[in-house]
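Engineer: Below you will find the structure I want to go over with you.
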Amino acid sequence: MIVVDSSVWIDFFRDAPTPQVEILSGIIGVKQIVIGDLILTEVLQGFRRNADYQRARDALFTLEYRDMLGRENALAAAQNYRRLRAKGVTVWKTIDVMIATFCITGGYTLLHADRDFDVMRDTLGLLTLDA
């Protein structure tokens, strides 16, 4: 199962011609895609027009849903953040560590367009679908 980060979904809904959007377009309806609360929030909060929000919401609601945080993942994300910091790695967004931890603990592969995840792949063992 594949988790698609908001960095890719945002480009997808903007029709941006990126390698990650090309991969996403190729796996929709072919591979099982999972979306979680954190990504759902990040994607949907950015729409200005209600019609665009509704279209994206309807599309995302067709995907398999999972709660991403919870107590155990919150604690694991805090530990992962501390591990990264101890290695001298600065992660700019805590939510990215939460998403990566969800993927690591659940055995999901992440499709992303955010360099913070590259460090988590190399340091924490995050599985990524690379463009």
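Read-outs throughout are calculated quantities, based only on the coordinates presented, and are distinct from any laboratory measurement. Here the structure is a predicted model, which means the values were calculated and not measured. FYI the Cβ positions are ideal-geometry reconstructions off the backbone, even for glycines, and counts take in every protein chain you see.
Engineer: Nearest 10 degrees, 0 to 90: what angle lies between the long axis of helix 50-60 and the longest principal axis of the chain (Cα atoms)?
Structural biologist: That works out to roughly 60 degrees.
Engineer: Are there trypsin sites (Lys or Arg not before Pro) in the range 37-131 that DSSP puts in a loop and that have at most 14 other Cβ atoms within 10 Å, and which ones? Provide the component values of the computation, followed by the final result.
Structural biologist: Details: sites: ARG48, ARG49, ARG55, ARG57, ARG66, ARG71, ARG82, ARG83, ARG85, LYS87, LYS93, ARG115, ARG121; in loops: ARG48, ARG49, LYS87, LYS93, ARG115.
Here the sparse-neighbourhood loop sites are ARG48, ARG49, LYS87, LYS93, ARG115.
Engineer: Amide H of ALA113 versus every other amide H placed in the peptide plane: which residues, excluding those fewer than 5 positions away on the same chain, fall under 5 Å?
Structural biologist: SER7, VAL8
Engineer: Search the structure for amide H atoms under 5 Å from the amide H of LEU127, placed 1.01 Å from N in the peptide plane, and list their residues when 5 or more places away or on another chain.
Structural biologist: Long-range HN contacts for LEU127: LEU110.
Engineer: Using amide H atoms built 1.01 Å from N in the peptide plane, name the residues 5+ places from ARG66, or on other chains, whose amide H lies under 5 Å from its own.
Structural biologist: When sequence neighbours closer than 5 places are left aside, the close amide H contacts are ILE35, GLY36, ASP37.
Engineer: Alpha carbon centre of the range 74-90 versus the range 1-34: separation in Å?
Structural biologist: Using only Cα atoms, the two centres lie 27 Å from each other.
Engineer: Determine ³J(HN,Hα), in whole Hz, for all residues of the range 100-110 in sequence, where each value follows from phi through the Karplus function 6.51 cos²θ - 1.76 cosθ + 1.60 and θ = phi - 60°; x replaces Gly and Pro.
Structural biologist: So the Karplus estimates, Gly and Pro as x, are 4, 5, 4, 5, 5, 5, x, x, 8, 9, 10 Hz.
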